[in-house]
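Beneath this line is the structure, given in structure tokens, with notes to follow.
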Amino acid sequence: MPKLQRFTNLFKGGVPEFNITLATVILALIIGFINPKFWTVSNWLTILRWFTGLGLLALGESMALIGGGLDLSVSAVASIVSMVFAYLIEFMGFNVVTAAIVALLIAAGIGLYHGLFVIAFSPPLPTIVPAFIVTLGSLILVSGLAVVMTHGWPIVISKEAATVASLSSTPVLFTIIAIGTIFIIFVQRYTVLGRFLYSIGGNMEAARVSGVPIHKTRILAFVFCSVFAGLAGLVFTSMLMTGYPGVAAGQELYAIASNAIGGVSLAGGEGSAIGAIIGALLMTVIRNGLVLMGVSPYWHDPIAGIILVVAVGIDLFRRTRGAR
Amino acid sequence: MGSGDGDRERILVMENIWKRFPGVIALKGVTVDVNRKEILGLVGENGAGKSTLLKILFGILKADEGRIIWKGREVEVKSPYHAMTLGISYVPQETLLAPNLSIAENIFLGFRLRKSYSLMKYGDIVEDASKLLSILDVSVDPMTRIRELSVAVQQLVMVARALAFNAELIVFDEPTSALGPRETERLLNVMLKLKERGISIIFVSHRIEEVLKVADRVVVLRDGKKVATFDNREKKVTLSEVVRAMIARDVKEFFPKEEVPIGEKIFEVRGLTGGKVRDVSFYVRSGEILGIFGLVGSGRTTMAQMIVGVRPKVSGEIYVNGKRINVRKPSDAIKAGLAYLPEDRRYQGLVLRMNVRDNISLPIISKLRSMSVSFLSPINRIKEEQLVKDHISKLRIVPPDPDKKTMYLSGGNQQKVVLAKWLASRAKVLILDEPTRGIDVGAKVEIRKLMVELAREGKAVVLISSELLEVLGMSDRVLVMADGRIVAEFKREEATPHKVMEYAVRSYK
């Protein structure tokens, strides 16, 4: 392909993630121009903190979405992990590592439960139908369980405080999100699991006929999603130094939005974690920008919503226009 | 009839149509005209420009140059609905009906059922639907839901809809590919009946023999140009003439079967039962092409899918190289060296949103590991690329780009990708279910040549086809299947169309 065509191809959606990266950069420049405080180190540390949590949720969600499914419960899983983690440390004297492992195992168990439910009903239904139902149920059920644990009281972490706090120290946060991103991207693009997942999301029946293990793969996808949600829960807990049942509340929709903006099709089989993570960055930058520009907090959600619809709309338009 | 050509009024003229796409000129100044009360056959290989021409007629695409003259007046067709209101109707290959609604509702959808605030008089539309259906000799209750109907009847519902819109021109796009011989006859008769009523028809199809049975004229497109018009009013035009115009090659190359040394039995099925299939047993030898012919509904696909684990079976044994294998899911079959090329490549054959490379390597991706970490094993991209490139060139897949999403390939090339993926799996036994259906003549020949090559490599090939000439032309032995049973076996020399068909059409219930 001649060089000029390659270059313009970037803009036309040849590499879908390019457009949103560009959008993020431009947005950052605009916000930074309006309020130079945007460029301070402390602001970028704030962005990093928000971004890590949302990013982990979005990465996990991308696994569920690419396989043709959906996970609405990620915020609830983060909550229960947060509560269990804090509980084990504070009331049962576990050390940080063991508590984290147990909490993540619980998250994995929830993912397993989602996967089993989905494969029981799909085929013949498309994956997303039972996925929507079971994860919606979990969203409510698991959040409820997180609250039931202490009748709604948060668990302040006083034991092992230093270790717990270090989880959200800047270098650790950076490492977590960097490794998480690289790992998920690697799995999706370079491993057998990734290939299976894309084929199932693209055409489950053709994948089945080609010998792809459609049940095991989807279960794994849901487990990945929940474990990453659990990791987000650990990060949030560390940032608040509290086990809190409302942690990440509402974030599941932002996680899905990050994916949608990032080009991960909600129909499955398309997009990648690269897009998801850039989408998460974009959403974080937007939120940060709104705060810096002094926009009333009540307006944050509506504005984020509008941006989401516009961004996804542009992407869909670009994709369907290719049919002409 | 009596009057000369000069009297015949042309109801449609598509004049000097040019259409360019990035990288290819789809139509190069094509002029096609249709007379009143005429059936015009429109044939040509995939990529010749037929579907582009139709899309322009129906307003889905806009021509770069040229005009459309309908009933003597130049028109600009804005949308398929607009075309319908003008009197030009379309019966596509895949029926566009709402499966959960009834026949009557589908016929009048968007027509009398358009003003959402007006009350519908159900009785009226049911009665009118009945009248239309009886014109077409269909005696099904108009309140029946579409999903309960066979494909053949669904098609006739679409014709009824065209009649409801007072169509003066109906375009049939590959209408017979999913129909069996009896249903095809019925449809062709319907076309003749429509012609009697004064409706013109454009019959687009790859089934040239069928087109020649009813068409008054046949137009051949090739590479975006009109290359021939045949006058077929006497029904004397031969298949050979038309095919030669289409592919500019000799039709003897149609069925390129060659003698191939046949060895030992490498595949055997015994007592296969399940669904409508009853106690099917057969064997295939190395180097052999076994043809299985049967009408639609005879159980061929069911049988094939049970063999490879796509469908569960009730009983039956499968032997590869004399060893019994246990097939419970598709990956068992693949591991044992079996391959199944599905009848419906878009549904079961390819993941259209994935590129050629990922599709080809899918069945054996777990064998292309560079390290073994179960599901998280990284893929050996180098081995994969080599494998994929080899198969792309061996099968002459066009464009030869492993990154191209398969949904952008033509039907013939898509089929080649499906074949490539099963060849890459190093299968020893290949079961090909309608491998040349819905693809252009050139690609059909290529795939048949590949079948012979596979046989020459010592593989066993099972060719399931409803194209009688194909089965007879390509097979070393022919099995006839009907009502879920194998009812006859013929050696290549003994098989004749008449004998085979005789067994195929009988009832064995």
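What follows is calculated from the coordinates using simple rules that are stated; it is not laboratory data. None of these values were measured; they are calculated from a predicted model. As a convention, Cβ positions derive from the backbone with ideal geometry for all residues, glycine included, and neighbour counts pool all protein chains shown.
General remarks:
- Sequence-distant residues sharing a close amide H with B:E174 (under 5 Å, placed H): B:V204, B:S205
- Gain on full extension, evaluated as 0.36 nm per residue between B:E9 and B:T229 minus their Cα-Cα distance, stands at 77.4 nm.
- Equivalent-ellipsoid semi-axes of the range A:197-253, from the Cα gyration tensor, Å, largest first: 35, 10, 7
- Rounded to 0.05, the FRET efficiency of the B:K265 and B:V373 pair, given R0 = 35 Å and the Cβ-Cβ distance, is 0.30.
- Cα shape, chain B, gyration tensor, a/c 1.5 rule: prolate
- Rounded to the nearest 10 degrees, the angle from helix B:381-394 to the longest Cα principal axis of chain B is 60 degrees.
- Net charge dipole size for chain A [Lys, Arg +1 and Asp, Glu -1 on Cβ; Debye, nearest 20]: 940
- Inter-probe distance in nm under a simple model that places probes 7 Å from Cα toward Cβ, at B:K236 and A:F91: 9.8
- Fraction of antiparallel bridges per DSSP, the protein assembly as shown only, in percent to nearest 5: 55
- With a Förster radius of 45 Å applied to the beta-carbon distance between B:R426 and B:A98, the computed FRET efficiency rounds to 0.55.
- Column: log10 I(q)/I(0), Debye, Cα scatterers of the protein assembly as shown, q = 0.07 Å⁻¹: -0.66
- The range B:177-191 - phi-based ³J(HN,Hα) in whole Hz, Karplus 6.51/-1.76/1.60, Gly and Pro as x: 5, 9, 10, x, x, 5, 5, 5, 3, 4, 5, 4, 5, 4, 4
- Residue order, fewest to most surrounding Cβ atoms within 10 angstrom, among B:V151, B:V462: B:V151, B:V462
- Spatial offset of the range A:76-134 relative to the range B:439-509 amounts to 54 Å, using the alpha carbon center of each.
- Separation between Cα centres of the range B:373-400 and the range B:151-215, rounded to whole Å: 43
- Fraction of alpha-carbon pairs over 34 Å apart in chain A - percent: 23
- Given B:K55/B:K444; B:K383/B:K444; B:K257/B:K444; A:K216/B:K389; B:K193/B:K213; B:K329/B:K367, the pairs whose alpha carbons are separated by over 22 Å: B:K55/B:K444; B:K383/B:K444; A:K216/B:K389
- Top positive-direction residue, dipole computed over the range A:48-309 with Cβ charges, set A:V309, A:Q251, A:N203: A:N203
- In Hz, Karplus ³J(HN,Hα) per residue of the range B:441-458 (6.51, -1.76, 1.60; θ = phi - 60°; x = Gly, Pro): 3, x, 5, 4, 4, 4, 5, 5, 4, 5, 4, 5, 4, 4, 4, 4, 6, x
- Overall, the ratio between the Cα radius of gyration of the range A:127-282 and 2.2 N^0.38 Å, rounded to two decimals, is 1.17.
- With a Förster radius of 22 Å applied to the C-beta separation of A:L266 and B:R147, the computed FRET efficiency comes to 0.25.
- Charge dipole (Cα centre; +1 on Lys/Arg Cβ, -1 on Asp/Glu Cβ; no other charges) of the range A:204-324 amounts to roughly 360 debye.
- Residues whose amide H comes within less than 5 Å of that of B:A488, counting only those at least five positions distant or on another chain, are B:V480 (H built at 1.01 Å from N in the peptide plane).
- Amide H contacts under 5 Å for B:G274, placed H, 5+ residues apart: B:D279, B:V314
- Given +1 at the Cβ of Lys and Arg, -1 at the Cβ of Asp and Glu and no other charges, the dipole of the protein assembly as shown around its Cα centre is 860 debye to the nearest 20.
- Rounded to the nearest Hz, the phi-derived 3J(HN,Hα) couplings of the range A:256-272 under the Karplus curve 6.51 cos²θ - 1.76 cosθ + 1.60 (θ = phi - 60°) are 5, 4, 4, 5, 4, 4, x, x, 7, 5, 6, 7, x, x, 9, x, 8, where x marks glycine and proline.
- Prolate/oblate/rounded label for the range B:248-389 (Cα gyration tensor, a/c 1.5): oblate
- Of B:K37/B:K235; B:K78/B:K404; B:K404/B:K449; B:K131/B:K195; B:K265/B:K335, pairs whose Cα-Cα distance is over 23 Å: B:K78/B:K404; B:K404/B:K449
- Sum of -39500 (n - 2.57) over DSSP H runs of 4+, divided by residues of the protein assembly as shown (222 nm, nearest 500): -15500 deg cm²/dmol
- Once the convex hull of all Cα atoms in the range B:135-232 is built, its volume per residue stands at 117 Å³.
- Oblate is the label for the range B:179-308, because a/c, from the alpha-carbon gyration tensor with a ≥ b ≥ c as root eigenvalues, is 1.5 or above and a/b does not exceed b/c.
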